[in-house]
1. Quick one: how many residues across region A:197-211 are farther than 15 Å from A:Thr103 by Cβ, within 11 Å of chain B (Cβ to nearest Cβ) and surrounded by fewer than 20 Cβ atoms within 10 Å (Cβ to Cβ)?
2. When the residues of region A:152-174 are filtered to those that are closer than 11 Å to A:Val280 by Cβ and of a type in the set (A, V, I, L, M), which remaining residue is farthest from the other protein chains (Cβ to nearest Cβ)?
3. When you look at B:Gly223, is it buried (at least 24 other Cβ atoms within 10 Å of the Cβ) and over 27 Å from B:Tyr279 (Cβ atoms), yes or no?
4. With respect to A:Leu69, determine if the residue is in a loop (DSSP other than H, G, I, E, B), in contact with a Lys or Arg (Cβ under 8 Å, 6 or more places away or on another chain), farther than 22 Å from A:Pro218 by Cβ and not hydroxyl-bearing (Ser, Thr, Tyr).
5. Among the numbered criteria (1) modelled with pLDDT under 90; (2) under 22 Å from the mean Cα position of the chain (by Cα); (3) more than 8 Å from chain A (Cβ to nearest Cβ), which one does B:Ala244 miss?
6. Tally time: how many residues in region A:212-250 are among the polar types (S, T, N, Q), under 13 Å from A:His99 (Cβ atoms) and touching a residue at least 24 places away in the same chain (Cβ under 8 Å)?
7. Quick test of your reading of the structure: B:Arg5 fulfils all but one of (1) closer than 30 Å to B:Gly317 by Cβ; (2) buried (at least 22 other Cβ atoms within 10 Å of the Cβ); (3) not aliphatic (A, V, I, L, M). Name the failing condition by number.
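The values are calculated or read from the model by the stated rules, or taken from the named source; none is laboratory data. Worth saying up front: this structure is predicted, and the values here are computed from it rather than measured. Every residue, glycine as well, gets a Cβ built from its backbone with ideal geometry; the counts of neighbours run over all protein chains shown.
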Amino acid sequence: MSNQPALTIAGDNDLATNAARHAIAAVPDDPVYLWRSIADPLVSKAPVVILADAGERAGFAQAALNAGLPTVSLPIKDLDVDLKQAIADGRLRLMSTLHGLPTLARLQQDATNGAVGRRYGVFASHRIPTNFVDELDDVVDDLVTYCCSLIDSSLTRVSVTTSDLGTSATAGWFILARFADETIATIEVAAVLPEADESAGELLIEVTGSEAVLRAAPEQQGVLIRSAEGVSRSNWYADPSDFLLQRATNLRDSGNETASLSTMKLMQKRFEAATANQAVEV
Amino acid sequence: MTKLRAGLIGTGTIAHSAHLPAMQYLGHDIELVAVADIRAEAAQAAVKKYGAETWYSDYRELLNRDDIDFVDICTPEFLHCEQVVAAAEAGKHILCEKPMAATVDEADRMIAAAKANDVMLMIGHSRRFTDRYRNAWQAVAEGRIGNVQIVRENERRPIAMYSALDLATGYWSPDGDRPWISDPEYTEGAALTNAVHEMDLARWFAGADALSVQAESRIAGEGVEVADFLTYTITFKNGVIGGAEIVNNLPSGYPYFHMLEVYGDQGSVRADDPDQSPYAVWSQGGMQFPVNFDQLLHIDNAYIREIGWFVRAIQIGAPPPLDPWDARQALALSLAAVESSKTGRTVFLSEMEPSSE
């Protein structure tokens, strides 16, 4: 028997179905319920992990909370009063798709274990291809969620600069955030890379502190190919399912809602700060 | 070419680590006549190692000499205005370390004094003279990445970065108890100590003056009293975004790292130390990059080029290779970042103009 608890996995995308497959393979004795659609009845009483696409997460979360189930979700846009309250009282917690990258799972573990000593700051930049600019907001929310999980302290102030970077839509978010423990985060997301088939882009996350600096560049995990056609990289990321489910389990069991609260506030305040072009106190 | 006779004021860390060795290398063009430092032992160490004829503890005595063509001012920024104005009035050409001054008003007075006395003034923004940034800028100037959209330059320094160089002298302690560079009475910290480099680079690569800046700062290191951590976002008038995160008191084993990224609408330029380190050592203590500080940035040939080109401009009567106005604008940006980080406001550069006070 395994110590991994049974789960309800919500979503009908590749991420959710792969996660369900992994969970079943890893823990065959524990049932995993794949809740594919909000229209389907929630028959499982197991805690819920929402891996659905961004537009469906709020609905799944509301239904799961109505059923009284502890819930962990990928970032949720347009949080209503009930969902905000659920985050505030710890019934709903947020994680990032970035928690599914093995390198960033290890970074999270080291940061949580105090490897950097007294933390100074977190620098995070994610550059994506210009043809994926429509996904910019989701990328920002994922990066914000991951950074807040690293810092795990209350958000106190946010400054934001946005830019169209010469296009007709917002193509860059440049966020400065202060936290109660004095950590300062610099979070930068921009659609500036040449057009590509995949949206992954280039991601760099650094945590600085008195005892160590942690530096993660997940896209460096790949095979560099130089050929007559030029230079290309073939990435070989592990399937994120195991790491996402492990993160969800850790979050659910942590009894700590600080990171999710800061995530929620930063996801909301970034728009207010951008519109005001002034720092917003939280 | 006629050899120029030089005087150097302020024989502290930057003089011993960069300016004096560069002058020595340029011995065919420069004769170091005298040095001045309020600390006699620091001045004497420079005389002994670099062969100046004499030393003074009062820089004004150095300026009174008729046989000095130019002075190289390597003192802290809060002394620059007084010393540059005095040097200009004494008819000396002036190379002055960055940051240009402590205030924009002081910078303006320095430029005015140089102009009124018909002497050359250049501020030593050394990174403009490094191979790394010159190569990157060349690629941008040739249009290889199209129109610039984002300029990011992060800088990370370990504690006691200069100790590895085994210098004859360190930072001056005006009050006798702590170095000026960590005393809030004398400096604003990272914004002026090193972020002024990043400010200058961002403005250079953006090709425009800044409109506004948002910044956050903090004191990170143990026992430190000035901000040693600074992060900011600049909006330039042409829409380019500039950013930097400066962290100055990292663990001593951490290498001296920089990361330059310039994104354009047709490509990008990157110069990232972890990818560029020419020499790495793996041991039980982990990975180290012993020559990063020397070879990638600081010594390099940047100071030789900076001082050499300044001297050549004097010799042939050309304008200085770097206009002091650029340094003045970089200073204004740094001071705007200080103001933003203290108040939480977005600070517009127009607010930094003396006439707006």
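1. Here the count works out to 2.
2. A:Leu155
3. No: the conditions fail for B:Gly223.
4. Judged against the criteria, A:Leu69 is a match.
5. (1)
6. Looking only at that region, the number is 3.
7. So the condition that B:Arg5 fails would be (2).
Rundown of residues vs (1) modelled with pLDDT of 95 or more; (2) part of a helix (DSSP H, G or I); (3) within 25 Å of B:Ala141 (Cβ to Cβ), yes/no style:
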{"residue": "B:Gly170", "(1), (2), (3)": "no, no, no"}
{"residue": "B:Glu188", "(1), (2), (3)": "no, no, no"}
{"residue": "B:Glu198", "(1), (2), (3)": "yes, yes, yes"}
{"residue": "B:Ala202", "(1), (2), (3)": "yes, yes, yes"}
{"residue": "B:Val213", "(1), (2), (3)": "yes, no, yes"}
{"residue": "B:Gly223", "(1), (2), (3)": "no, no, no"}
{"residue": "B:Thr233", "(1), (2), (3)": "yes, no, yes"}
{"residue": "B:Asn238", "(1), (2), (3)": "yes, no, yes"}
